């Protein structure tokens, strides 16, 4: 769970969070999820890996507003080959504001081509939850 606050830069002229910023909040939650399991950016880059978003499906339920305190979450629902599928949500207390499924692909950092997740990473991430 990644806690955040809505700043003016996150909102439109009406003080409502602009829809694309929910994706930024989800990105932060995925980054912190991976970091929390030993896979920060330095570790991933040292393995000559990168993760790129392959697909996104998001449902927007309620609007967040300026100064709201939010929580963004990331939970793995599928691991296969070079892909990790996350279920993610952004909440304000118990209210779901946005939720969806984001698929990320593991790629070789130099060639930018798909690459299977390292066996050790796959095993460790499968043990999560």
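Here are some notes:
- Relative exposure of 8, 16, judged by other C-beta atoms within 10 Å (fewest first): 8, 16
- Sorted by Cβ density within 10 Å, fewest first, the residues 11, 42: 42, 11
- Each helix, a run of at least 4 DSSP H residues, gives -39500 (n - 2.57); summed and divided by the residues of the chain, these come to -7000 deg cm²/dmol at 222 nm.
- Max mean-square fluctuation residue, GNM over the chain, Cα-Cα springs under 10 Å, options 20, 90, 77: 20
- Using alpha-carbon coordinates, inclination of helix 20-36 to the longest axis of the chain, degrees: 40
- P(r) of the stretch 2-126 over all Cα-Cα pairs, binned every 10 Å from zero, in whole percent: 13, 42, 29, 15, 2
- FRET efficiency, residue 5 to residue 53 (Cβ-Cβ, R0 30 Å, nearest 0.05): 0.80
- Distance between the modelled labels on residue 79 and residue 19, one decimal in nanometres: 3.3 nm (7 Å Cα→Cβ projection).
- Each of 89, 73 was scored by other Cβ atoms within 10 Å of its Cβ. Listed from fewest to most, they are 73, 89.
Here, each number is a calculation from the coordinates, and none is a lab measurement. Note that this is a predicted model, so its numbers are computed, not measured. For neighbour counting, all protein chains shown are included, and Cβ atoms are generated from backbone atoms with ideal geometry for every residue, glycine included.
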